[in-house]
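Heads up, the thing below is written out as structure tokens.
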Amino acid sequence: MSQADSGVLNNIMICPNPKCNNTRTDIKSEKQEVKGKEVLRNRYCSKCDTSFSTKEKINIITKNKPRPDKLLMNFRFYIYGNERVAAATDAKTYLADQIIKKKQEKKYNLMGWGKSKSGKVAAYAAHTDKKIDKAQIFRNKKSKYNEFTYVKIETKKYTVEKILSTNLYWYYRNSILKKDQTSKEEIEIICSRINKFGIKKWYKNMKNNKSEYMLWDKVKNELENFHKSVSEYIIKLEKEYNQNFFINYKIEKKFSPWTEEETKSISDLWKTDDCWNKYIVSR
């Protein structure tokens with residue numbers, strides 16, 4: 001803004017004389033006070049010959065807090081991302097262990113990630129002398145590979161169900177959604193039932209308990225909502241939920257299952273291409 005523009009804005013001050021109310025008054029002098037944080041201006045109204053002063057003070061406007069649903073989405077995506085990377089790592093480790101256990105190390109010359117026609121993600125091991133397109137890794141297996149084996153990564157819905165079986169998720173959810181609380185006793189029931197039965201079998205083992213049915217229904221809706229968000233929005237909003245998001249996101253200390261050192265290690269892990277590639281293939 002130019003000085004001329006600034007002067008015009010500063011002159012827009014209504015005269016305090018109730019009989020005048022002139023909308024433009026002149027600044028005769030100004031003085032900075034309190035280390036430049038306040039400005040005292042002496043003003044004059046030429047219309048009614050009134051002199052007066054104004055004081056301008058810095059008022060820091062606090063940044064608006066994100067909406068509760070946005071905070072919950074951030075938390076969901078972060079926890080989900082870490083769980084998917086862990087699931088991808090576990091699948092590949094299990095496959096490698098099985099190959100070693102069966103003494104088949106020389107049988108395969110290729111190991112990586114791929115998707116089946118149905119979109120299921122898996123860690124694979126293969127032997128081929130041909131040049132392959134990784135996007136077509138699971139198609140025409142017999143004609144492309146001399147040997148081929150794979151281990152599927154757990155489904156996205158199963159990953160979400162595992163997250164819902166933890167106290168962490170529900171306590172953090174309570175801290176955000178003040179109008180939709182889950183009691184401590186209910187959280188204990190939810191975690192116990194999911195860990196013992198899974199959400200589907202939990203329903204079959206309820207024995208017509210109405211209060212427990214309402215709790216199960218709440219968890220089922222949470223599962224569907226969570227699963228939908230990671231199935232649709234995590235890719236639609238990939239510019240926002242990028243590698244930097246996972247590097248910089250931190251769970252509040254009172255809720256975090258990790259120490260500060262572990263949190264830093266996880267952040268450093270997200271900086272690696274290996275971790276990011278596992279997430280991309282399994283998200």
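The values are calculated or read from the model by the stated rules, or taken from the named source; none is laboratory data. Since the model is a prediction, treat every value here as computed from it, not as a measurement. Positions of Cβ are backbone-derived with ideal geometry, glycine not excepted, and every protein chain shown enters the neighbour counts.
Side notes on the structure shown:
- For LYS70, the conditions (1) under 18 Å from LYS152 (Cβ atoms); (2) outside any loop (DSSP other than H, G, I, E, B) are fulfilled apart from (1).
- Condition check for ILE235: surrounded by fewer than 12 Cβ atoms within 10 Å (Cβ to Cβ), of a type in the set (A, V, I, L, M, F, W, C) and in contact (Cβ under 8 Å) with a residue 24 or more places away in the chain: yes
- Pairs, first closer than 19 Å to LEU40 by Cα in the stretch 1-25, second at pLDDT below 80, C-beta under 6 Å, six or more apart: ARG24/ASN11
- Only listed residue being over 21 Å from GLU252 (Cβ atoms) and either outside the structural domain of ARG76 (by TED's automatic domain parsing) or exposed (fewer than 15 other Cβ atoms within 10 Å of the Cβ) (or both), chosen from LYS184, LYS179, LYS201: LYS201
- Residues located in the stretch 179-198, provided they are within 24 Å of the chain's Cα centre (by Cα) and β-branched (Val, Ile, Thr): THR182, ILE187, ILE190, ILE194
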